[in-house]
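Visitor: Supplied in structure tokens, the structure appears directly below.
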Amino acid sequence: MRLSSYFSYSSRDGRIAHRRPPKNHHQNPTQETYSTTLLPLHNPPQLTRKPAEPPSLPATIFNAFDYLINTFIDPPLKPSLDPRYVLSDNFAPVDELLPTECQVVEGSLPPSLDGAYIRNGPNPQFLPRGPYHLFDGDGMLHAIRISRGKATLCSRYVKTYKYKVESEKGFPVIPNVFSGFNGLSASAAQFNPINGIGLANTSLALIGGRLYALGESDLPYSVKVDPNGEIHTLGRHDFDGQLMMSMTAHPKTDAQTGETFAFRYGPVPPFLTLFRINANGEKQPDVPIFSMTSPSFLHDFAITKKYAIFNEIQIGMNPLELMAGGSPVAANPGKVPRIGVIPRYAKDESEMRWFEVPGFNIIHAINAWDEDEGNSIVMVAPNILSVEHTLERMDLVHASMEKVKIDLRTGTVSRHPLSTRNLDFGVINPAFVGKKHNGSPVVRGGCFGGEPFFVAREPNNPNAEEDDGYVVTYVHNENTGESRFLVMDARSPSLEIIAAVRLPRRVPYGFHGLFVRDTDLNRL
């Protein structure tokens with residue numbers, strides 16, 4: 001049996017609502033980030049942050065008043081927005097870590113893993129004063145650099161414009177979006193939104209020979225990992241002025257053509273815009289799609305060799321509520337989900353077709369491909385069965401893996417369940433994006449982890465089997481406080497461990513990661 005699809009969900013099926021509160025959570029509003037509890041291996045070098053400039057008198061008064069309101073007068077009522085729960089256990093943030101050598105405690109690291117596995121995720125620079133949603137943390141990259149059987153871990157913030165401004169001030173300046181624009185500082189007037197408001201906290205992508213940290217509320221941030229394992233932020237990237245606004249955190253790259261397909265969505269028409277970037281990293285013209293008649297929450301999409309596929313789900317953007325200080329997204333149970341199909345090289349939206357698929361709500365797409373000589377498309381994705389809980393009660397969210405087939409000649413939509421387990425963050429061999437892949441979902445028990453990644457053993461071998469490679473990921477043992485980097489045999493039904501690397505300190509649960517080979521790292 002091929003084991004080409006690997007699925008997991010970030011720690012305890014996403015249960016964050018009933019964790020124990022961290023100690024000393026009532027802090028001074030200008031206090032630094034959480035300190036890191038180090039594992040008893042050795043003391044990895046930490047970074048000393050330069051002293052922040054003294055806050056102005058208006059900022060001091062405003063921050064103190066904001067702290068008083070959020071802590072004593074109007075504290076968060078929802079567990080999903082209470083930082084004492086959201087940032088507990090291994091969701092708690094860590095400080096930056098200089099490149100630190102790791103210990104291989106089991107097996108050995110194979111030569112085909114020379115490169116870097118990098119995982120992105122939210123890691124708030126400062127303790128939240130009031131309501132805080134998991135999605136609102138500053139982006140931090142955790143990169144394990146592998147070379148000749150040795151490994152080095154480095155953790156660095158993506159140096160976004162928001163991060164730099166707040167680092168200089170010494171306290172939060174820009175309000176959190178998903179928790180309802182709370183925490184507006186008096187210093188926000190000194191923040192220029194033209195320079196970007198994003199967190200770059202969601203994923204990474206290698207596009208046109210550049211490595212990017214992505215978050216869908218802003219432009220990409222170009223980053224690199226050097227031979228010593230150090231992570232550098234090179235800056236915000238607009239593709240020579242061709243990308244004027246944000247882009248998805250889940251672009252899709254066709255391994256055969258080298259092209260990357262992407263989109264952006266927003267609260268004003270056109271609510272959806274498709275575009276592509278050629279193999280040389282040059283952005284092509286936008287294709288606005290006006291047939292999406294309301295602003296939907298579009299986090300991910302899929303491509304085939306012929307089409308781009310979008311899902312209009314029951315979670316929509318709520319601009320009026322956003323301006324009133326509420327959440328930017330909300331569920332609409334009365335809305336019928338639709339799948340939109342458009343040729344991926346379309347010049348305009350004239351060939352866009354929509355198909356109603358009741359009850360089909362997806363946040364992430366695993367893959368899609370063409371069948372029946374291009375007359376049908378198939379998509380595999382986890383369907384959120386409890387969409388009303390997606391942002392409020394993540395512990396109640398259940399995602400069931402489904403395969404959906406659309407006959408483009410008749411418009412018939414058929415659905416087949418693949419797994420009833422609660423599965424998300426699914427990955428495949430990246431070489432099979434947009435074409436049919438084989439296999440069954442596989443989950444490894446034991447420590448809690450997040451999204452895995454598939455690394456081919458022979459990436460340049462066109463005859464290699466789809467599952468001839470390794471599954472890599474970070475895992476965390478909440479009983480011992482230890483984090484490890486695991487390398488598993490993708491062909492093994494039990495995902496046999498090939499190598500285990502004990503990390504010098506814990507790596508918090510995050511979002512999406514990427515493995516970048518030495519050959520690509522050296523070209524950055």
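Visitor: Short version: ³J(HN,Hα) in whole Hz for each residue of the range 464-481, in order, from phi by Karplus 6.51 cos²θ - 1.76 cosθ + 1.60 (θ = phi - 60°), x for Gly and Pro, what are they?
Guide: With the stated coefficients, the range 464-481 comes to 5, 5, 4, 9, 7, x, 10, 9, 10, 5, 8, 10, 9, 9, 6, 7, 9, x Hz.
Visitor: Follow-up. Could you sort the peptides 347-353, 97-103, 298-304 by per-residue average Cβ neighbour count (10 Å cutoff), highest mean leading?
Guide: For the peptides 347-353, 97-103, 298-304, the packing ranking is 298-304, 97-103, 347-353.
Visitor: Related question: Each residue of the range 267-281 in turn: what ³J(HN,Hα) in whole Hz from Karplus with 6.51, -1.76, 1.60 and θ = phi - 60°, glycine and Pro shown as x?
Guide: Result, rounded to whole Hz: x, 10, x, x, 6, 9, 9, 9, 7, 9, 10, 6, 5, 8, x.
Visitor: Between the range 209-235 and the range 470-524, how far is it from one alpha carbon centroid to the other, in angstrom?
Guide: Taking the Cα centre of the range 470-524 as reference, the centre of the range 209-235 is 20 Å away.
Visitor: On full extension of the chain, what length is gained from LEU234 through ARG409, given 0.36 nm per residue of separation minus the C-alpha to C-alpha distance?
Guide: 58.3 nm
Visitor: So which of LYS403/LYS435; LYS224/LYS435; LYS150/LYS435; LYS224/LYS305 end up more than 25 Å apart, counting from Cα to Cα?
Guide: Beyond 25 Å between Cα atoms: LYS224/LYS435; LYS150/LYS435; LYS224/LYS305.
Visitor: May I ask you to compute the full-extension gain from GLU282 to ASN460, defined as 0.36 nm times their residue separation minus their alpha-carbon distance, rounded to one decimal in nm?
Guide: 61.6 nm
Visitor: Amide H of ASN367: which non-local residues (sequence gap of 5 or more, or other chain) have their own amide H closer than 5 Å, using H built in the peptide plane?
Guide: Sorted by chain and number, the residues that satisfy this are VAL380.
Visitor: Another question, if that's okay. Under the rule of at least 5 residues apart or a separate chain, name every residue whose amide H is placed under 5 Å from the amide H of ALA151.
Guide: CYS102
Visitor: Next up: How large is Rg/Rh for the range 110-243, to two decimals, with Cα atoms and a Kirkwood Rh?
Guide: 1.01
Visitor: Which whole-number value in Å³ per residue fits the convex hull of the alpha carbons of the range 391-524?
Guide: Residue-normalised Cα hull volume stands at 190 Å³.
Visitor: What is the projected area of the convex hull of the Cα atoms of the range 73-140, averaged over all directions, in nm²?
Guide: 6.5 nm²
Visitor: How much FRET efficiency would the formula 1/(1 + (r/R0)^6) give for GLU351 and LYS305, where r is the Cβ-Cβ distance and R0 is 22 Å, rounded to 0.05?
Guide: On the way: r = 16 Å, r/R0 = 0.71.
Once rounded, the FRET efficiency stands at 0.90.
Visitor: Beyond 19 Å, what percent of the Cα pairs of the range 240-306 remain?
Guide: Cα-Cα pairs in the range 240-306 separated by more than 19 Å: 31 percent.
Visitor: Could you order the peptides 258-268, 468-478 from most to least packed, using the average number of other C-beta atoms within 10 Å per residue? All intermediate terms of the calculation are to be shown ahead of the outcome.
Guide: On the way: 258-268: 19.0, 468-478: 21.8.
In decreasing order of mean packing, 258-268, 468-478 become 468-478, 258-268.
We did not get these values from a lab; they are worked out from the coordinates using the rules stated. None of these values were measured; they are calculated from a predicted model. Cβ sites come from the backbone with ideal geometry, for glycine too, and all protein chains shown count toward neighbours.
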